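Structure first, commentary second.
The values are calculated or read from the model by the stated rules, or taken from the named source; none is laboratory data. Remember, predicted model here, so these are calculated numbers, not experimental data. Counting neighbours? That spans all protein chains shown, and the Cβs are built from the backbone with ideal geometry, glycine included. In case anyone asks, the SASA skips ligands and DNA or RNA and just uses the protein heavy atoms, side chains included. Shrake-Rupley method; radii C 1.70, N 1.55, O 1.52, S 1.80 Å.
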Amino acid sequence: MKPRIAVLGCGYWGSNHIRTLKALGALHAVSDLNRARAEGFASEQDCLAIEPDQLFVRDDIDAIVMALPPQFHADLAVRAVEGGKDVLVEKPIALTVADAERAVQAAKDNGRVFMVGHVLRFHPAFETLKGLIDNGELGEVRYIHSHRLGLGKFHTENDALWDLAPHDLSMILAITGTEPIEVRGEGAALLDNLSDFAHLHMRFPNGLRSHLFASRLNPYRERRLTVVGTKAMAVFDDVEPWERKLAVYRHAVWQDSGQWAFTTNEPSYVAVAQGMPLTRELEHFIQCIETRAEPRTSGEEAIRVLRILTAGTVTHTKS
């Protein structure tokens, strides 16, 4: 029997979790402070609508997916794991490293699965890219840069960096296998005192460098991760259609008689199996519940992401 999962938070992203879990046969209940909203989803998806406080004590709930404003994640995750529930907490899992560590430690103390919604780690294009890197197709990775730009969404508690960058940081950490030893942040606030544009510059122990640019005030959408290796370069562009999402560029650069020379080549597009990242993420969560395995996107990884976000945050004062 599939684990019985409840979704806490019936907003935009929570509704995606609700529909996906229903399709996977694991949706048992929905919950939201807005009772009418929860009852609407319960009627639509033929599941229970449960008051938030009741989720943590009901014996018919095995796990909870939390899709809430991030300031509520840590406290409610602690309540959930202390109540014997496994949890998937959407990003960011907290607004401070201390709160994240408290929630993750509570899960360990209570023997519960703690997974974080870094959904792009489950994108087939990223998984294929990671395989190319692990197999040495790109050579030694020397530089990674990511751009996540668009218009919105606007939050009152977290800025463009905290809202958009966790996805890319999770992918960068998966590629590097280590935390940066240096993080420098830059930001610009146009609407209020929260960064609408944010840059992160990172240096890793092996000399690898990385740059991240996130914006919620951009006129066009960009979702691009570029990896530069000594043998080839690869681009994961999530705005492109499936057949062009992952491109490999086999350019060459060398020295000739003391001068730099190079050749350029047209990209080769790597075949990527189609699949919805959220579906694959929730399938992984269900598997971890059933097998008690450590999730690919664990609480420990989320803490590493929060450390980088904290180090790179720029504080603005209202004029």
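Tell me the angle of helix 160-176 to the major Cα principal axis of the chain, expressed in degrees between 0 and 90 and rounded to the nearest ten. That works out to roughly 60 degrees. The convex hull around the C-alpha trace of region 244-319, projected and averaged over every direction, spans 12.0 square nanometres.
Mean 1/r over all different Cα pairs, inverted: what Kirkwood radius does region 159-230 give, in Å? Mind showing how you got there, number by number?
Values: mean 1/r = 0.0765 Å⁻¹.
Roughly 13.1 Å, rounded to one decimal.
Keeping every protein chain present and rolling a 1.4 Å probe, give me the accessible area per residue for the chain in Å². Write down the numbers at each step before the final one.
Details: 14750 Å² over 319 residues.
Per residue, the chain has 46 Å² of solvent-accessible surface.
The phi-based Karplus calculation (6.51 cos²θ - 1.76 cosθ + 1.60; θ = phi - 60°) puts the 3J(HN,Hα) values of region 177-186 at x, 7, 8, x, 9, 8, 10, 10, x, 9 Hz, whole numbers, x for Gly and Pro.
Charged neighbours of P124, selected by a Cβ distance under 9 Å, balance to +1 (K, R count +1; D, E count -1).
Region 74-100 to region 1-45: how many Å between their Cα centroids? Measuring centre to centre over Cα atoms gives 18 Å.
Out of the trypsin sites (Lys or Arg not before Pro) in region 205-252, which ones are loop residues according to DSSP with at most 14 other C-beta atoms within 10 Å? Intermediate values should be presented prior to the final figure.
Numbers: sites: R209, R216, R221, R223, R224, K231, R244, K245, R250; in loops: R216, K231, K245, R250.
In loop regions of region 205-252 (DSSP not H, G, I, E or B), the sparsely surrounded trypsin sites (Lys or Arg not before Pro) are K231.
The H on the amide N of H251, modeled in the peptide plane, is under 5 Å from the matching H of M233, N265, each at least 5 residues off or on a different chain.
Between the C-alpha center of region 242-318 and that of region 121-175 there is a gap of 4 Å. The accessible surface of the chain, taken with every protein chain in place and a 1.4 Å probe, is 49 percent carbon and sulfur. At full extension, A23 and V239 could sit 75.2 nm farther apart than now, given 0.36 nm per residue minus the alpha carbon distance.
Its alpha carbons give the chain an Rg and a Dmax of 20.7, 74 Å.
Going through the cross-link list K22/K85; K22/K153; K2/K85; K2/K108, which pairs have a Cα-Cα distance over 21 Å in this structure? Walk me through the intermediate numbers first.
Working: K22/K85 19 Å; K22/K153 26 Å; K2/K85 14 Å; K2/K108 23 Å.
Result: K22/K153; K2/K108 exceed 21 Å.
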